[in-house]
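Engineer: This is the structure, below, for whatever I ask next.
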Amino acid sequence: SLDQSLDQSLDQSLDLSLVAKLRRSKRYQQHMRALTGTSDTYDVIVESNEVLVKIEEEIAVVHRFLRDIYALKFPEMETLVPAKMDYARVVEEMKNEMDMTQVDLNDVLPPTQVMVVSVTGSTTTGKALTEGQLRACLRACREMFSLEKDKFQILDFLEAQMTSLAPNISKLVGASLAAMLVGMAGGLEKLANVPACNLVALGQDKRRDLAGFGRVAQMPHTGILYFADLVQAAPAPLRRKVLKIVAAKVSLAARVDAFSSKEDDKKASADDVASGFVDDIKSKIEKLCEPPKAQKVKALPAPDANVGKKKRGGKRVRNAKEKTKVTDMRSLVNKRAFFQDDDTANEYGDDAMGIDFGLLGQDSSGAIRGPALDDAQSSTKKRQKAAQQQQKKATQRKPIHLSSGATNGLSSSLVFTPVQGIELANPTLVAQSKVQAANEKWFSQTSGFQSALNARGPTGTQQQNGGLTL
C-alpha cells in the first residue's frame with residue numbers, strides 16, 4: 001500500500017492537467033472562437049486584454065512545472081536560460097540526451113549562450129530522466145508553445161483593431177506597439193494610469209544571470225517604446241531623450257483614448273491630439289539636433305559725451321596703484337642668479353632651499369642693503385641732502401662715546417678730542433680709576449672722617465675737631 005501511494009503521488013506530480021487549466025476552460029475557448037466571429041468588437045478587445053494577462057500567468061506556472069522536473073537532469077540550465085520560452089525550446093531539443101555534442105541549439109539560442117550551455121551540460125551533475133518524467137516535460141513544452149501561439153493570435157487581432165480601440169496611441173507609435181503596450185498593462189484604462197516614467201521601462205528584458213557576459217547590449221531601463229519609429233528616427237546619442245518625450249505623449253494619448261465616451265469621438269480626437277503630439281515631438285527632435293549657437297562678439301556701446309565715466313582715472317588711480325606696487329627691493333629678492341662661481345658650494349645652502357634674499361646685496365660685500373641708485377636718483381641735490389643728514393647725526397652724538405658710530409660691528413676705543421688730540425683709552429681702566437678715587441676719598445687710612453652734611457654750630461659756623469666735621 002505504501003508503494004502504491006508513492007506511485008500515485010508520483011503520477012500526480014507528473015500530471016500537467018492539474019497545473020495547466022486555462023486552455024481547457026470554456027471561457028477561454030469561447031474567446032478564441034470570438035476572435036474570428038462577428039460579435040461586438042469592442043467587448044472582444046477589452047476581454048482580450050484580460051486573456052493576455054492570464055496567458056502570461058499560465059506560461060509562468062507551466063514553466064515552473066517544467067523546471068522542477070528537468071532540474072533532475074540539468075539543474076544549471078535554470079540560470080543559464082532565464083527566458084521561459086527559450087527554456088522550453090532547449091528542453092524540446094535536448095530531451096534526455098547526455099552528450100551535448102549531439103544537440104544542436106544554434107536555432108534556439110544565440111552563439112554565446114549555446115557555448116555556455118554546451119560546456120555546462122557536459123559537466124553537469126544531473127542524471128537521465130525516466131520515461132514518465134520525459135513525457136511530462138515534453139507535454140509541458142507543447143502546452144507553453146500552444147499558449148504562446150494563442151497569445152500572438154490575440155495580439156494580431158488587437159493590432160488590427162487598435163485603430164478603433166486606441167487611435168491616438170496607434171498613430172503615435174504604431175498599431176503593433178500599441179497592442180503590446182495595452183496587453184502588457186492589462187487594458188487600456190490600466191495603461192492610462194501608468195505614469196510616463198514607468199512607460200519608458202515597460203516591457204524591459206531583465207536578465208539577472210548573464211553567464212559572465214556584459215550588460216552593455218542589454219540597454220538597461222529601456223522598454224518596447226525604444227523601438228518606436230519616432231525614437232529610432234532620432235540620432236543614437238539623442239534616443240534616450242526622445243524616448244522620454246515619446247513616453248510622455250503616449251501617456252497623454254492613452255488617457256484620451258481610455259476616457260473618450262464614443263468611438264466616433266476617439267477617431268475625431270485622433271486627428272487633432274495625435275497629430276499635434278507627432279508634430280510636437282518632431283519639432284523637439286529638430287531642436288535637439290541643432291548645433292549650439294556660436295557666441296556673438298558684442299560691439300562696445302557708442303560713447304556718450306554727456307555721460308561721464310563710471311571709474312575715475314588720473315592722479316587718484318596712480319596713487320592707489322603706487323600703494324600696492326612691488327618695490328625695487330622686493331623685486332630683487334624675488335630674482336635668482338644662476339651659473340655663478342659658488343653654485344657648487346651653495347648647493348645645499350640657503351640659496352638651494354630658497355630662503356635667501358635673491359639678488360639683493362649681491363653687488364656689495366655681502367651686507368643686505370637697498371639697490372644701487374640710478375643716475376636720476378644720484379643727483380647733486382640728493383647727495384647734499386644726505387650729507388646734511390649725516391652731519392646732523394654726528395653733531396648730536398655724544399663726544400665721550402668710545403665707539404666711532406659704525407654699524408658694521410667693528411668698533412675701537414680710538415677717540416678724537418679737541419683738547420688732547422689722539423687719545424687711546426681703555427674703558428676698563430677708566431672704570432677702575434673711578435672706583436679707586438672714591439675709595440681714597442671716603443675710606444682712606446690717612447685722611448680723617450668726613451660728613452656729607454655741613455653741620456653748623458649754634459653760631460651758624462662750622463666747627464672742626466681732629467678732622468671730624470661737626
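Engineer: Exactly one of these conditions fails for residue 337: (1) modelled with pLDDT under 65; (2) at negative phi. Give me its number.
Structural biologist: Result: residue 337 passes all but (1).
Engineer: Sticking with this one: Out of the helices (runs of 4 or more DSSP H) lying entirely within region 1-111, which hold 2 or more residues that are out of contact with any Pro (no Cβ under 9 Å at 6 or more places or on another chain), at pLDDT 85 or above and not β-branched (Val, Ile, Thr)?
Structural biologist: Because the criterion is at least 2 residues that are out of contact with any Pro (no Cβ under 9 Å at 6 or more places or on another chain), at pLDDT 85 or above and not β-branched (Val, Ile, Thr), the helices (runs of 4 or more DSSP H) in region 1-111 that meet it are 26-34, 41-70, 77-80, 84-94.
Engineer: Are there any pairs, at least 6 apart or on different chains, whose C-beta atoms fall under 6 Å, with the first in region 182-193 and under 12 Å from residue 48 (Cα atoms) and free of Cβ contacts under 8 Å to residues at least 12 places away in the same chain and the second open to solvent by less than 90 Å² (accessible area, probe 1.4 Å) and part of a helix (DSSP H, G or I), and if so, which?
Structural biologist: none
Engineer: When you scan region 132-147, do you find a residue that is over 31 Å from the mean Cα position of the chain (by Cα) and modelled with pLDDT under 85, even just one?
Structural biologist: No, because not a single residue in region 132-147 is over 31 Å from the mean Cα position of the chain (by Cα) and modelled with pLDDT under 85.
Engineer: To continue, here is another question. Just one of 270, 253 is open to solvent by less than 40 Å² (accessible area, probe 1.4 Å), modelled with pLDDT of 90 or more, in a helix (DSSP H, G or I) and among the small types (Gly, Ala, Ser); which is it?
Structural biologist: None of the others qualify; the one that does is 253.
Engineer: How do the pairs read when you match residues in region 155-181 that are more than 19 Å from residue 203 (Cα to Cα) and touching a residue at least 12 places away in the same chain (Cβ under 8 Å) with residues anywhere that are of a type in the set (Phe, Trp, Tyr) and open to solvent by 20 Å² or more (accessible area, probe 1.4 Å), using Cβ under 8 Å and keeping only pairs 6 or more apart or on different chains?
Structural biologist: Listed by first residue and then by second, the contacts come to 164/42; 165/42; 168/277.
Engineer: Can you tell me which residue in region 178-219 is nearest to residue 84 (Cα to Cα), limited to those that are open to solvent by less than 20 Å² (accessible area, probe 1.4 Å), assigned to a helix (DSSP H, G or I) and at pLDDT 85 or above?
Structural biologist: 181
The values are calculated or read from the model by the stated rules, or taken from the named source; none is laboratory data. From a predicted model like this one, the values you see are computed outputs, not experimental measurements. Cβ coordinates were reconstructed from backbone atoms using ideal geometry, including for glycine residues, and neighbour counts include every protein chain displayed. Accessible surface areas use protein heavy atoms only, side chains included; no ligands, DNA or RNA. Shrake-Rupley method; radii C 1.70, N 1.55, O 1.52, S 1.80 Å.
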